[in-house]
Amino acid sequence: MKTRHALFIFVLLPAFVLNDVQALEASRDKKTIEIGPETVKKGMPSYAYDFKRLVREAEKNIGKVNRELEAKEKEKSAKEHFERGKRLYESGKPDEAEKEWQKTLKLTKDPRIRKYIRQTEKKERQERHRQKK
């Protein structure tokens, strides 16, 4: 990027400024030099495009990071519900554990957790069925 700036400043900009030689000669008595907007537009369109492209890429990356953060927060919340459900189940409260695990299933995509919950729920149903006999 630095070489592009150097190329613009030392090669391209003087070439564009030379197009305004008449304006320079007319303003010789003045202490300031005026460069017309046309001259700037001629030299700047690629930089404006590059900047716009960089902004679009940055916005896409920010969106991607936000989605990843949201997914991590969901997984963290799912694990908390899962652990809470596991503790409830181990302390003999399967109905409350099931409620926590349902919350977990809504939040997680982790196949190991989903499989564990389904197996535990199946085991609990079988145990309840045996107790009824």
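Each value in this text was obtained by applying a stated rule to the coordinates, not by laboratory testing. What you see is a predicted model; the values in this text were computed from it and never measured. As a convention, Cβ positions derive from the backbone with ideal geometry for all residues, glycine included, and neighbour counts pool all protein chains shown.
Give me Tyr89, Tyr116 ranked fewest to most by other Cβ atoms within 10 Å of their Cβ, as a rough exposure proxy. Provide the component values of the computation, followed by the final result.
Numbers: Tyr89 21, Tyr116 15.
With the fewest neighbours first, Tyr89, Tyr116 line up as Tyr116, Tyr89.
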Highest-first arrangement of 123-131, 78-86, where packing means the average Cβ count within 10 Å: 78-86, 123-131
Using only the alpha-carbon atoms, what does the range 70-133 span along each of its principal axes? Please give whole angstrom values in decreasing order. 47, 20, 13
Before anything else, pin down the relative contact order of the range 54-133: Cα pairs under 8 Å, at least 6 apart, normalised by residue count, whole percent. 24
